[in-house]
1. Does residue 54 qualify as being at pLDDT below 95, out of contact with any Gly (no Cβ under 9 Å at 6 or more places or on another chain) and charged (D, E, K, R)?
2. Checking residue 68 against (1) of a type in the set (Ser, Thr, Tyr); (2) modelled with pLDDT under 95; (3) touching a helix residue (DSSP H, G or I) at 6+ places or on another chain (Cβ under 6 Å), which test does it fail?
3. What are the residues in the stretch 1-41 that are among the polar types (S, T, N, Q), at pLDDT below 95 and part of a helix (DSSP H, G or I), if any?
Amino acid sequence: MWQSGEKFAMIRRPWIRHNELITKMSEKLDLEEAVIDFNRNYLSFANRLIRNDRKNGQRMLGLSEQMTSLIAKLTPQQIETLAKNNELICGFRADDMSIFSSIAH
């Protein structure tokens, strides 16, 4: 037999799951938007940096000559299209570990 508290908890449970699902979907959308914003900002920054100081921009961003040329030629519309990728455009370089480990200690 159901006790009054158990019955009430069973009735409420589907609503809790529904709210949890909506929260998870919202968090996923927030993360997707964050990736798009990050990509847009990174590509815009890289494009501006390379156009202003190509050699220094290439060195700072750790890019090949070919990739530097491609990024320098990107239009705002192309940047927006690339930014909508569901993966981050940039990554960490191998020598980043020394920077992070010096800060962490």
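The values are calculated or read from the model by the stated rules, or taken from the named source; none is laboratory data. Since this is a predicted model, take the numbers as computed values, not measurements. Cβ atoms come from the backbone with ideal geometry, glycine included; neighbour counts cover every protein chain shown.
1. Values: at pLDDT below 95: no; out of contact with any Gly (no Cβ under 9 Å at 6 or more places or on another chain): yes; charged (D, E, K, R): yes.
For residue 54, the condition - at pLDDT below 95, out of contact with any Gly (no Cβ under 9 Å at 6 or more places or on another chain) and charged (D, E, K, R) - is not met.
2. Unmet condition: (2).
3. The initial filter retains those residues of the stretch 1-41 that are among the polar types (S, T, N, Q), namely 3-4, 19, 23, 26, 39, 41.
Filter once more, so that each one left must be at pLDDT below 95: 3-4, 19, 23, 26.
The answer is 4, 19, 23, 26.
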